[in-house]
1. Has region 377-386 got any residue that is within 16 Å of the ligand (Cβ to nearest atom) and either part of a helix (DSSP H, G or I) or touching a Leu at 6+ places or on another chain (Cβ under 9 Å) (or both)?
2. Provide a single number: the residues in region 163-186 that are open to solvent by 10 Å² or more (accessible area, probe 1.4 Å), modelled with pLDDT under 75 and within 29 Å of residue 132 (Cα to Cα).
3. Mind listing just one residue for me: the one in region 11-48 that is of a type in the set (Ser, Thr, Tyr) and in a helix (DSSP H, G or I) and, of those, farthest from the ligand (Cβ to nearest atom)?
4. If a residue must be open to solvent by less than 40 Å² (accessible area, probe 1.4 Å) and either more than 27 Å from the chain's Cα centre (by Cα) or modelled with pLDDT of 95 or more (or both), how many such residues does region 418-428 contain?
5. Look through 303, 285, 319, 289 and report the one residue that is modelled with pLDDT of 95 or more, over 28 Å from residue 105 (Cα atoms) and open to solvent by 10 Å² or more (accessible area, probe 1.4 Å).
6. Check region 57-80 and report whether any residue there is farther than 25 Å from residue 446 by Cβ and basic (Lys, Arg).
7. Take the residues in region 50-94 that are within 23 Å of residue 259 (Cβ to Cβ) and open to solvent by 20 Å² or more (accessible area, probe 1.4 Å), then tell me which one is modelled with the highest pLDDT.
8. Does residue 68 fit the bill of being farther than 30 Å from residue 350 by Cα, in a helix (DSSP H, G or I) and away from the ligand (no atom under 15 Å from the Cβ)?
Amino acid sequence: MNEQAAGSPSRRSSLHGHWSSRLAFVMAVTGSAVGLGNIWKFPYVVGEYGGGAFVLIYLVAVFAVGLPIMTSEILLGRRGRRNPIATMRILGEEEGSTPHWQWLGGIGVLAGFLILSFYSVIAGWVLSYIVNSFTGAYSGADLDQVVSLFETTSSSLTISTIGHTVFMVMTAVVVALGVQHGLERAIRILMPLLMVLLLILVAYSYIEGDFARAVDFMFTPNFDALTSEAVLVALGQAFFTLSIGMGTVMAYGAYLPEGTPITSSALTVVLADTLIAILAGLVIFPIIFANGLDPASGPGLVFEALPLAFGQMPGGIYFGALFFVLVTFAAWTSSIGLIEPAVAWIVETFYRPRAEAAIIVALAAWLLGMGTVFSFSVGSDFVFWQGTIFDNVEYLSTNILLPLGGLLITVFAGWVLCRNSSSEELGVGTGFIYRGWRFMARFVAPAAVVLVFLHATGLVKL
Ligand code: TRP
């Protein structure tokens, strides 16, 4: 056992400092959860996979699978107090299982790295749309013009590379500054502001868009349209949007002070994240239907629908600029979470300074991200397995590594971690909440993930 070296769980503390309060922790996890996944990805996968039935599966996945896994992940992080790899190794030994659980941490570090590579490219487009707002590139634009503006942006090597580079530098800079100074500060004011702006935009869509049709599309399930791939994508989206399954929440949990309630923190994050995704859908789909945009048009959807609305509304340029600035910040607080596990791992394993680790990881993710830049421009014909380089990196990380990581996390928290350890760490006694969580973590969440996998790979027919 490594326990002596690592310290007993109650005495262990993190090398990187602690959150100043519970609110700071909740804000940070919410900051990592709310991002491009809510505003860019949620609408386009809902559109691609046919609406209501997909949304329903997604909601079930978020609450029945996502919530118990998020709780488990925070719990493991706080107990281990290290980077995800070391945390899983220490806990594996401590619970009399094997140190090989560290590979779970490894999956997470890899998934975060892969996601960061394409995340930064999309965030780079958002940056370029801030510029587009000020230059009036989309003011008064019609459908064809917004579509061609997105095509020009995403297929331009120069624009995509500049955006990707600027965003990756922004990420590295904040991460280099450290937990409290870097991570906490950016999040406090901007998240509530984003929420307010989304509400204003929902009101706009309600007045100007085809709201009834959007609500019908999003909330009336049509199970005929539901494929097994859609179920896997909905599950992947639940993991992606909640930032779970890859150790970020574990890494953040490692900085959580003793005695802070875990279950209610997890619930707060899940509710906030879901609300923002639904609001984004309610902004975007009414505009899509009112203007004859195809809801299934893919990753460009948001970049076409929103400028269309901003271009027509009075003062739309300012709204547009503000909106894209806020989305940039939402993406920024997420990218910080994506890079953190790898950075913490390098710092603790190789004793390198934080800043150096941040630069190394950012540089490597930038290089891989160029593959995504190529996927939308010169390399769009270079396809294998799932499609372009972007499609593959996205599929591998979101639909395979995140669910796999999540599965292992809940199996560890539910089956390997003994009852005493988990109830001590969760701190809610052994009553209803504890038993509810443990049941979900032991049975429901793992079974759901395994079933979805087998079903999507065609091994099991439902
Ligand atoms: N949740 C983020 C979003 O919705 C993306 C994301 C996935 C993420 N996994 C993460 C962010 C881990 C931070 C950490 O945009």
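The values are calculated or read from the model by the stated rules, or taken from the named source; none is laboratory data. This structure is a prediction, so every number in the text was calculated from the model and none was measured. A quick note on method: Cβ atoms are made from the backbone with ideal geometry, for glycine too, and the neighbour counts reach across all protein chains shown. SASA here: full protein model, heavy atoms, side chains in, ligands and nucleic acids out. Shrake-Rupley method; radii C 1.70, N 1.55, O 1.52, S 1.80 Å.
1. Looking only at region 377-386, we keep the residues that are within 16 Å of the ligand (Cβ to nearest atom), and these are none.
No, because not a single residue in region 377-386 is within 16 Å of the ligand (Cβ to nearest atom) and either part of a helix (DSSP H, G or I) or touching a Leu at 6+ places or on another chain (Cβ under 9 Å) (or both).
2. Qualifying residue count, region 163-186: 2.
3. Restricting attention to region 11-48, the residues satisfying the condition of being of a type in the set (Ser, Thr, Tyr) are 13-14, 20-21, 30, 32, 44.
Keeping just the survivors that are in a helix (DSSP H, G or I) gives 30, 32, 44.
Values: 30: 10, 32: 4, 44: 13 Å.
Filtering first and then ranking leaves 44.
4. Of the residues in region 418-428, the ones open to solvent by less than 40 Å² (accessible area, probe 1.4 Å) are 421-423, 425-426.
Pick out the ones that are also either more than 27 Å from the chain's Cα centre (by Cα) or modelled with pLDDT of 95 or more (or both) and you get 421, 423.
Count: 2.
5. Values: 303 fails: open to solvent by 10 Å² or more (accessible area, probe 1.4 Å); 285 fails: open to solvent by 10 Å² or more (accessible area, probe 1.4 Å); 319 fails: modelled with pLDDT of 95 or more.
Matching residue, one of 303, 285, 319, 289: 289.
6. No, the conditions are met nowhere in region 57-80.
7. Across region 50-94, the extreme among qualifying residues is 67.
8. yes
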